[in-house]
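The values are calculated or read from the model by the stated rules, or taken from the named source; none is laboratory data. Everything numeric here is computed off the predicted structure, so don't read it as measured data. Neighbour counts run over all protein chains shown; Cβ positions are idealised from the backbone, glycine included.
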Amino acid sequence: MTAMIEARHLTKQVATSEGQLIILNDISLRIEAAEAVAIVGVSGSGKSTLLGLMAGLDSASAGDMFLDGQNLSTMDEEERAQLRGRSVGFVFQSFQLLPSLTALENVMLPIELKNDKDARRKAASLLQRVGLESRLQHYPNQLSGGEQQRVAIARAFASEAKILFADEPTGNLDAATGAKVIDLLFSLNAEFGTTLVLVTHDDRLAQRCGRLVRLVAGEITEDSAVETSGVENGTAGEASTAGDAAHV
Amino acid sequence: MSDYSPATTASPVTLMRVALRLLWRDWRGGELRLLLLAMVMAVTSVSGIALFTDRLERALLQESATMLAADRVLSGRQMPPREWLDEATQRGLMTAEVQAFASMVFSDQANLLVAAKAVSEAYPLRGELRVADQPFGAAYADNAGPARGEVWVESRVLPSLGLEMGDTLYLGDGEFVVSRVLVQEPDRQQGGMMDNAGPRVLMNLDDVPSTNVIQPGSRVTYRYLFAGELAELDVYADWVREQSAGDFRLRDVRDESQEVSDALARGESFLLLGSLFAVLLAGIAIALTARRYSERHFDYAAILKTLGCTSNQISAIYFGILLSLLLIAVVVGSVLGWLVHEGILLLLQSVIPIALPEASFTPFWLGALTAFICLFAFAMPPLLALKHTSPLRVLRKDLADAPLSTSLPYIFGIAGALVLILWYSQDVLISIILVGSVAGVALVLSAMSYLLLRTGSAAGMRAGSAWMLAMSAVRRRRRQSVLQVLVFSLTIMSLLTLALLRTDLINDWQAQLPEDTPNHFMMNISSNQIAGMQSFLQENEVDTNPFYPMVAAGLLTVNGAPAPHPWDNDDDASGRTTMTERAGAEQPDDAASGSDTGESERPQRVENRQVTWTAQLPPDNEVVAGNWWGEDNRPGLVSVERDYAERIGVTLGDELVFRVNEQEITAVVDNMRTVRWDNMQPNFFFIFSPGTLDHLGATYLSTLLLQGEEKLLLNDLLRQFPTIVVLEVDALIEQIQSIIAQVSSAIELIAALVLVAGALVLLSCVNATLDERFRENAILRTLGAGRKLIMTSLLIEFAFIGLLAGVIATLGAELSLYYLQSEVFQQTFSLHYWVWIAGPLAGTVIIAALGFAATRKVVSSSPLSVLRQLSA
């Protein structure tokens, strides 16, 4: 069976004034469909770079990167963009909503880019799903951080992506709000059967994934299954609903 | 490349929908307002100015056409084939016919040499005949022309012949009733000898045969007049040229009146330059605002890429945004342009007394096309750079604005500017001057900014002072500071150049025909009449002017060789006639000289010119080679007008032989002069030293300034001196003054429009650094810097940049003025000392005020909200 994500001997290095700096060194990793994988590590360990390479946002210096059966290394940026549009969703630490568009329009965007005429209804339904049905016409700067992240989550699932990349999704949120957002993320992930790759430096958050990959100085030092996912941090867990999240 | 097959991608319609949504939201957010404003400004100024000049030019041409009584004139000593008139009528042109000849007229008591003019019924095709019921009485328009059996005569004919209105006048075998006093005919100044032989008698063309005055060999000037659509006239002119193998040529007012033609040409050049400046400034504003807009959209592009947008789709989205903006700008700008030009017309109602022709659609196309070029050259490059945004930016914000630092936008901008300049000016010279001065400014700027950054750090006083803060800000934003100084100095330079050019041009015109320009020529004065005339004028408190002796001279040889004909190598077959000659007793006149030379050898064409002699250099003449002979003159010297000398290939020391009154006179070229031809005063190609021609029987010429009631003096003057000829040019001078006044008003307005464009640029430029200032100052304030300190430092920073820009702009303005005035406007350049103080001062004050006003909210908004907003 083809892996949803597969890295083979992936290396990323950049030129600096003091010579070549190796950010990722010979990374090989295989993630199956519907898996939830946490990539953890301290700042500068290369986890965001790895996420960028896996999502096709950047290209590797060496090695091959397969996403949804396609070899990213042989694609140009245009093809990678199309693949992203079809298969990938993102949730970012800094939300990355378009500030001049309303919540609804932000969520509509990926649906529209797929030429789906039903964008408005689908986006509204997703926003309702994340508890923001009363905030459709609000602009990002009129929303709290938690609300913005929920819009971002709705947008990530709007493209009916097979793979969801989340980069420190709670990094800009306080603990309680972060937890609620994470509950929502996991709940939708389970519902849509998406493959989830979550980058975090928070081990407790990582524990909610089925598998943990640890990066230290650009190399994988740990790749293990997590057994108690989603329970030990004691949040609302899977029970989180739209109503609960309404005022995060 | 891979074998990857793309999924369903966004259709153009979808992309356009996204583009429109972004456009609408950004508009509401205010981000696009300056960009749109700059584009609207470009369209408004171009279409407004083009509409105005289009209509004004046509109006001026139309009004000028009244000086010809037609749009085009065909004239000759022989009657041109009559079929040509029929051909013109068939082509839908209006036609009229004129015959002019000198003739004696008689009353029962006296006789008089007059300039008779017979006109067909349609005359005049343009302009109007003004008549009065009494000599020198109140004038009114009457375009019917004299009926058969009647004549209209100029006032002075009546006292000269001792006639009253209604009396009979004899011309040849004909008898005519004097039914009107002719006050003004539109084309009075157009003829030569035939029209200036004496006062005018206007008669019906159908009466000419019955007079029997025109016999074979009679000297008659035949004129066919044409009026109609411009395009049709051009086609007809070509047809005539083909028919006549170049012997006849249709002339328009530009061939006829140097003064009007110069005023129009300079006015047009200025308007053109003005609109060019306005567009270039708007272009800079567009570039700056588009750059800021795209800087703010790097994140958008990165996010769109993560959502699956390809680079091309991103380009398509922003292209869609720009195209929509263009559309809005063209519509709004065209409407505003229309309003602007209507506004100008309203303002100028009093100086534009004639009805303006309807505007053509061309100005609107011009506006739209300009906006399009501006868009592509100035706005597109930074926005298209967005497609190169790395999607990785969503993860790492420090992957900053690399795409914009490439030189591509500048290359596009410069190329666009060049296209615009060339397109507008259709003139490589103006383009080179403009581009050259811009390049010069840029060069000076680089050196200056280098110095700026060094002195800035050296002058750092104690830490924490406003000066220190300001200088470090200038240094930190080195690229931006340099760009700002560049933009500010270019803007101020444009404004200064235009303002100075405007002042010089208008002053020059006013100097050309000052209020006290003599408006009457007196000719055919014999030497023994001079004293009597002077005392008559003094008694009546009219200022007298010099009396110039005048005689017709034909140049035969130069250093023994036959003299070349001055206009032989010239399309302008009519050559230049001096005001003196137009007014004078004899038109420059090509006569075959020598005996019958046979068919095979063409007789030498000798051009007769009115010449004079004097000990004093006449006003508005300047000796450019050799020396004026002054008091210690000796006979046998001649002074030649420089351009004429060049045409006939004459240099200092050459020996010229002239034929004057059938005698040959030899003179040596002693000096050369430049002459101000457009001063409507007696001017001469050749001036001889006293004693050379004195014995050859000259008549004298002088000028008078008569205003209002003073004109009635002419009755008495002519009664006392019946042989002299008085030519009234007051109407012509007024006409030229009115045209110049109109062109001046137009120039003022264009200067104002450019000022608005300039302000827009300054505003965009200040705004371009607003984000960074917000962030920096918010940080400074959170670190405890006081509001006053930050405000003072902002003020110093802008004032410093403004001062620098002012100095450079002044330098650039003087430099480009030097070239523009000497090469394009044919003016003399002199330094404008006051500008060297006013320029830098204005730069400092305006930039400081503008910058301070725009960035004041940097200090007035709370640091927290600023930081929050900027990090969002």
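Structure data summary
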quantity: Selection from the range A:86-105 of residues that are more than 9 Å from chain B (Cβ to nearest Cβ) and within 24 Å of A:Thr200 (Cβ to Cβ); calculated: A:Val91
quantity: Per-region count, the range B:289-312, residues at the interface with chain A (Cβ under 10 Å from one of its Cβ atoms) and closer than 13 Å to B:Thr389 by Cα; calculated: 13
quantity: Single residue of B:Ala757, B:Ala751, B:Ala768, B:Ala809 found to be within 29 Å of B:Leu37 (Cβ to Cβ), small (Gly, Ala, Ser) and surrounded by fewer than 20 Cβ atoms within 10 Å (Cβ to Cβ); calculated: B:Ala751
quantity: Condition check for A:Ala154: touching a Leu at 6+ places or on another chain (Cβ under 7 Å) and crowded, with 22+ Cβ neighbours inside 10 Å; calculated: yes
quantity: The range B:660-685 - residue that is under 13 Å from B:Gly554 (Cα atoms) and in contact with a helix residue (DSSP H, G or I) (Cβ under 8 Å, 6 or more places away or on another chain) and, of those, surrounded by the fewest Cβ atoms within 10 Å (Cβ to Cβ); calculated: B:Gln663
quantity: Given (1) over 20 Å from A:Cys209 (Cα atoms); (2) in a loop (DSSP other than H, G, I, E, B); (3) modelled with pLDDT under 90, index of the condition A:Leu173 fails; calculated: (1)
quantity: Matching helices (runs of 4 or more DSSP H) fully within the range B:723-833 where at least 2 residues are under 30 Å from B:Ala290 (Cα atoms) and β-branched (Val, Ile, Thr); calculated: B:730-768, B:787-819
quantity: Criterion violated by B:Leu732 - all others in (1) modelled with pLDDT of 75 or more; (2) closer than 22 Å to B:Ala115 by Cβ satisfied; calculated: (1)
quantity: Options B:Tyr170, B:Tyr236, B:Tyr222; residue that is modelled with pLDDT of 80 or more, hydroxyl-bearing (Ser, Thr, Tyr) and closer than 29 Å to B:Ile525 by Cβ; calculated: B:Tyr170
quantity: Wholly within the range B:92-175, strands (runs of 3 or more DSSP E) carrying at least 1 residues that are within 36 Å of the chain's Cα centre (by Cα); calculated: B:94-106, B:111-119, B:130-132, B:150-154
quantity: Of all residues in the range B:360-396 being outside any helix (DSSP H, G or I) and at pLDDT 75 or above, the one that is nearest to the other protein chains (Cβ to nearest Cβ); calculated: B:Leu395
quantity: Residues of the range A:70-82 that turn out to be more than 7 Å from chain B (Cβ to nearest Cβ) and either more than 18 Å from A:Thr2 (Cα to Cα) or under 19 Å from the mean Cα position of the chain (by Cα) (or both), as a count; calculated: 2
quantity: Flag for A:Ala38 being more than 14 Å from chain B (Cβ to nearest Cβ), buried (at least 23 other Cβ atoms within 10 Å of the Cβ) and in contact (Cβ under 8 Å) with a residue 60 or more places away in the chain; calculated: yes
quantity: Considering residues of the range A:9-29 that are in contact with a Lys or Arg (Cβ under 9 Å, 6 or more places away or on another chain) and not aliphatic (A, V, I, L, M) only, the residue nearest to A:Glu222 (Cα to Cα); calculated: A:Ser28
quantity: B:Asp678 vs. criteria farther than 22 Å from B:Val551 by Cβ, in contact with an Asp or Glu (Cβ under 7 Å, 6 or more places away or on another chain) and at pLDDT below 90; calculated: yes
quantity: Selected residue (criterion: surrounded by the most Cβ atoms within 10 Å (Cβ to Cβ)) from residues of the range A:57-68 that are in contact with a helix residue (DSSP H, G or I) (Cβ under 8 Å, 6 or more places away or on another chain) and in a loop (DSSP other than H, G, I, E, B); calculated: A:Leu57
quantity: Qualifying position, being within 9 Å of chain B (Cβ to nearest Cβ) and crowded, with 16+ Cβ neighbours inside 10 Å, among A:Leu113, A:Leu127, A:Leu132; calculated: A:Leu113
quantity: Flag if B:Gln737 is closer than 19 Å to B:Gly440 by Cα and either among the basic types (Lys, Arg) or crowded, with 17+ Cβ neighbours inside 10 Å (or both); calculated: no
